[in-house]
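Student: Let me give you the structure first, and then I'll get to my questions.
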Amino acid sequence: MSNDAIVLLKEDHQEVRRVFTDFENAGENAEVTKGKLVDKMIELLTAHTYIENEVMYPRVRELLPDLEDDVLESYEEHHVADVLVVELAAMKPSDERFDAKTTVLIENVRHHMDEEEQEWFPKVREGLGRKALQEIGDELIAAKKKAPKRPSQPSALKKTIDAVIS
């Protein structure tokens, strides 16, 4: 298993994309299946956002100040996803706007992941190099072990909001 930070984050992205595709392919009347898939999305996105906000973004801000604007945009994109996740966590699959809200979440997160992978990660890899990315990867692995899985765990959303505000 690689401990390269970018490889680890891309692996998370792949897992999230699979759940998104499963949701989209579930069919119109698959409320039980969609409910389980959204629960999985919430878990994956809450943990992923946590490790990026707590480890990756602060370290990149520290080591590559030229990428400050990219990091701030990523915090904002995470904030939008967090709001949707919190709302979805409080909904039932039978709610009128459940599918629509999930679709908006999927579209926003796909855009964010594509932008990270195509634009931001190459800049980070070039700026940091292998050793630094492995060190950050080790920090990501440690953070993931303690990462919240649900937005109801106060630290997840509060830390995200605090990071964006500060």
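Student: Which condition from (1) free of Cβ contacts under 8 Å to residues at least 60 places away in the same chain; (2) in a helix (DSSP H, G or I); (3) closer than 24 Å to Ala30 by Cβ is the one that Ile106 breaks?
Tutor: All conditions pass for Ile106, except number (1).
Student: So which pairs qualify, if the first residue must be in the range 89-101 and in contact (Cβ under 8 Å) with a residue 60 or more places away in the chain, the second must be part of a loop (DSSP other than H, G, I, E, B), the Cβ gap must be under 8 Å, and the two must be at least 6 apart or on different chains?
Tutor: Hits for this filter: Ala89/Arg150; Ala89/Pro151; Ala89/Ser152; Phe98/Met91; Phe98/Lys92.
Student: As an exercise: evaluate Lys101 against (1) in contact with a Leu (Cβ under 8 Å, 6 or more places away or on another chain); (2) surrounded by fewer than 17 Cβ atoms within 10 Å (Cβ to Cβ); (3) over 27 Å from Ile6 (Cβ atoms) and give the number of the one condition it does not meet.
Tutor: Exception for Lys101: condition (2).
Student: Can you name every residue in the range 1-53 that is basic (Lys, Arg) and over 23 Å from Glu135 (Cα atoms)?
Tutor: Listed by number, the residues that qualify are Arg17, Arg18, Lys34, Lys36, Lys40.
Student: Sort through Leu67, Leu45, Leu9 and tell me the only one that's in contact with a helix residue (DSSP H, G or I) (Cβ under 8 Å, 6 or more places away or on another chain), over 17 Å from Ala147 (Cβ atoms) and touching a residue at least 60 places away in the same chain (Cβ under 8 Å).
Tutor: Leu67
Student: Follow-up question, since we're still on this one. How about the range 105-130: which of its residues are more than 14 Å from Ile42 (Cα to Cα) and β-branched (Val, Ile, Thr)?
Tutor: Val124, the sole residue that qualifies.
Student: Does Glu28 qualify as being without any contact (Cβ under 8 Å) to a residue 60 or more places away in the chain and acidic (Asp, Glu)?
Tutor: yes
Student: What about Asp4, is it farther than 25 Å from Met91 by Cβ and either in contact with a helix residue (DSSP H, G or I) (Cβ under 8 Å, 6 or more places away or on another chain) or surrounded by 15 or more Cβ atoms within 10 Å (Cβ to Cβ) (or both)?
Tutor: It is true that Asp4 is farther than 25 Å from Met91 by Cβ and either in contact with a helix residue (DSSP H, G or I) (Cβ under 8 Å, 6 or more places away or on another chain) or surrounded by 15 or more Cβ atoms within 10 Å (Cβ to Cβ) (or both).
Since every read-out is calculated from the coordinates, none of them should be taken as a lab result. Remember, it's a predicted structure, so these values are computed and weren't measured experimentally. A quick note on method: Cβ atoms are made from the backbone with ideal geometry, for glycine too, and the neighbour counts reach across all protein chains shown.
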